[in-house]
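Here's the structure, in structure tokens; my notes come after.
Please treat every number below as a calculation from the coordinates, not as lab data. Only a predicted model underlies this, so the values are computations on that prediction, with no experimental measurement involved. Here Cβ is always computed from backbone atoms with ideal geometry, including for glycine, and neighbour counts include all displayed protein chains.
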Amino acid sequence: MVVRPVVAPPAAKPTTAVAVAEPRKVGPSIRLPRLKKPTKKGAVSVVVMTFAAALIATMALPAYAFGGGGNFDNGVATDAALSGNQTLVVPDASAALAVSRDNYVAPTTEQLAATREAAAAAVRATEAAAAAEAAAATAKTTGASNNGAFTVNPPSGSYSGAALVAFAEQFVGVVPYGSGASPDTSFGCDGLTQYVFGAFGIYLPRTVSNQAAMGIPIAPEDAQAGDLMIYPIGHVGIYAGDGTMIDSPDWGRFVEHRPVWGSYYFVRIVA
């Protein structure tokens with residue numbers, strides 16, 4: 001019989017115990033109240049209540065102070081409020097100042113009326129002078145209806161009117177109208193008369209008004225060849241006799257010998 005030794009089983013390795021939490025039992029679930037979304041009506045109510053509270057507080061403060069609350073003297077506040085009187089102390093130096101004024105004196109009614117009358121008289125005098133000047137100008141430019149504006153039987157010039165017309169005739173249809181005063185360039189209406197009279201030793205300035213002032217206005221029945229024809233519109237020509245004239249008329253044209261036209265008066269150059 002074989003006897004086998006008894007071998008003890010290996011000792012078990014110590015193990016670390018791991019605690020396992022048991023699941024907690026949860027009681028019945030509690031529902032939290034859900035917050036309501038603020039509405040526009042509620043917001044307005046809050047604003048109104050806040051404003052009312054502030055208004056009451058604002059009104060309460062002056063009443064509290066007026067009623068003697070805090071450090072105010074109740075008697076003084078009440079007397080001032082009831083009487084409404086105030087005291088103003090003016091220094092003696094300010095009271096002693098004198099009020100100054102300038103020397104202006106308002107005009108009287110009579111003075112104003114006299115001033116207006118003087119102004120009206122000045123206006124009437126100015127208008128009368130202007131009317132007289134206009135009448136004189138009209139009489140000068142309307143010789144056919146007012147012979148008194150002209151010299152009766154004026155003397156003839158030292159030049160021959162017929163010779164002057166004959167001299168001007170050579171430029172007819174040859175020299176164009178322009179702003180010049182020479183046959184080499186052009187003739188304005190006053191340039192033609194200046195050149196023609198200059199050939200006879202008589203100087204005439206440029207411009208129609210200046211040439212008209214150099215002579216004597218004459219009546220139409222006394223007009224002779226060689227007299228100037230003055231047009232108030234600003235034109236001048238040489239009277240050629242028999243109801244005709246020589247002039248430099250306008251742009252694009254030449255010196256012409258043509259019948260008289262329009263409104264004009266005669267001026268004789270006496271040299």
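Details
- In this structure, the amide hydrogen of S186, modeled 1.01 Å from its nitrogen in the peptide plane, lies closer than 5 angstrom to those of G180, A181, counting only residues at least 5 positions away or on a different chain.
- Residues in region 210-217 carry Karplus couplings, in order, of 5, 5, 5, 6, 7, x, 10, x Hz; the curve used is 6.51 cos²θ - 1.76 cosθ + 1.60 with θ = phi - 60°, and Gly or Pro positions show x.
- Net charge over other residues, Cβ less than 14 angstrom from the Cβ of Y159 (K, R count +1; D, E count -1): 0
- Calculated from backbone phi, Karplus (6.51, -1.76, 1.60) coupling profile of region 185-194 in Hz, x at Gly/Pro: 10, 6, 10, x, 4, 7, x, 5, 5, 5
- Percentage relative contact order, region 150-268, counting C-alpha pairs under 8 Å, at least six apart: 31
- Local electrostatic count at R258 - Lys and Arg +1, Asp and Glu -1, tallied over other residues with Cβ under 15 Å: -4
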